[in-house]
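This report refers to the structure that appears directly beneath it.
Each reported figure results from applying straightforward, stated rules to the coordinates on display, with no laboratory input. Worth saying up front: this structure is predicted, and the values here are computed from it rather than measured. Glycine gets a Cβ as well: all are built from the backbone with ideal geometry, and neighbour counts include every protein chain shown.
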Amino acid sequence: MRTVIKNLLKEKEQHHGVRILYACESGSRAWGFPSADSDYDIRFIYLREREAYLSVGEVPDQIGDPPAGDLDLCGWDLRKALRLLLRSNVTPFEWIQSPVVYAADDVFVEAFRRLLPHYFSPRAQARHYLGIVVTQFCDMKGEAIRIKKLCYVLRSLLSADWILSRNEHAPMEMHTLMALLPEDIRDEVSALIAAKAYGTEKDTTVLSATLNDFITRRLAWATERAATWPSDSFCHKDLDAFFQAFV
């Protein structure tokens, strides 16, 4: 599959006349809790020829196709990635940490990693993850809960917890985030991830009282903590210089 994906990325470069600076796996395969039938969520950052950015016409800032089979591919123009970074969007922080990399310009990756800490907003990123928890967890009613959905909730909650307790952007992989869990909860979550690995995306479980209580209490703590964190604002000057250095 890796060869198929790398060939597909080369086709995108040729078809759209772009250069892919970085391509990785996102989603459950990168987070560490894939199912046997999980999609491949391929994400990339690309750059057009310099002349394209000098045109008065609109330049598309995204390349993507409807998911085909188990392949879901989407790429962002470097300018779009940097504009989102200016708002401390979590996605660039996650992509650059992916354990599965399909293509990488080493100079770009090193420079991009150095750039990220200067645009880290604990409040913005924690609130992003907490928003996912609130939306997904509130819908967890009844006995049949998708393991996939529960894993999403737990990963988002632990990401917010990591940010608020350590004042650093959260690691991408679930096994690292699980260091924040009490031992009994960690064992239960490990069992869920193991069950998901041998099952399908539609497999369900029952939310235990212990896990429900943990999520409820930790969500309340994180929500209160995030509300007291100051907002951040960033200047785009360094991002402009970064962009111009690569165009």
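Table for the structure above
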{"item": "Acute angle (nearest 10 degrees) that the helix 2-16 long axis makes with the longest principal axis of the chain, alpha-carbon atoms", "result": "40 degrees"}
{"item": "Extension gain from L84 to F246, taking 0.36 nm per residue of separation minus the Cα-Cα distance", "result": "56.6 nm"}
{"item": "Candidates R79, R19, R50, ranked by Gaussian network fluctuation over the chain, Cα under 10 Å, top entry", "result": "R50"}
{"item": "Crossing angle, helix 122-137 versus the chain [Cα axis fit, 0-90 degrees, rounded to tens]", "result": "50 degrees"}
{"item": "Fully extended contour minus Cα-Cα distance, from R113 to D39, at 0.36 nm per residue", "result": "24.0 nm"}
{"item": "Under the Debye formula (equal points on every Cα, no solvent term), log10 I(q)/I(0) of the chain at q = 0.09, 0.11, 0.13 Å⁻¹", "result": "-0.44, -0.65, -0.88"}
{"item": "Loop trypsin sites (Lys or Arg not before Pro), the range 193-247, which have at most 16 other Cβ atoms in a 10 Å radius of their Cβ (DSSP)", "result": "K202"}
{"item": "Flagged links, alpha-carbon separation over 32 Å, of K6/K202; K149/K237; K80/K196; K10/K80; K6/K196", "result": "K149/K237; K80/K196"}
{"item": "Value at 222 nm in deg cm²/dmol, rounded to 500, when DSSP H runs of n ≥ 4 in the chain each add -39,500 (n - 2.57)", "result": "-16500 deg cm²/dmol"}
{"item": "The range 2-119: radius of gyration and largest Cα-Cα distance (Dmax), Å", "result": "14.4, 47"}
{"item": "Around Q97: net Lys/Arg minus Asp/Glu count, Cβ-Cβ under 10 Å", "result": "-1"}
{"item": "Distance from the range 83-130 to the range 48-82 (C-alpha centre basis), Å", "result": "18 Å"}
{"item": "Among L192, L54, L207: highest mean-square fluctuation, GNM of the chain, C-alpha pairs under 10 Å", "result": "L54"}
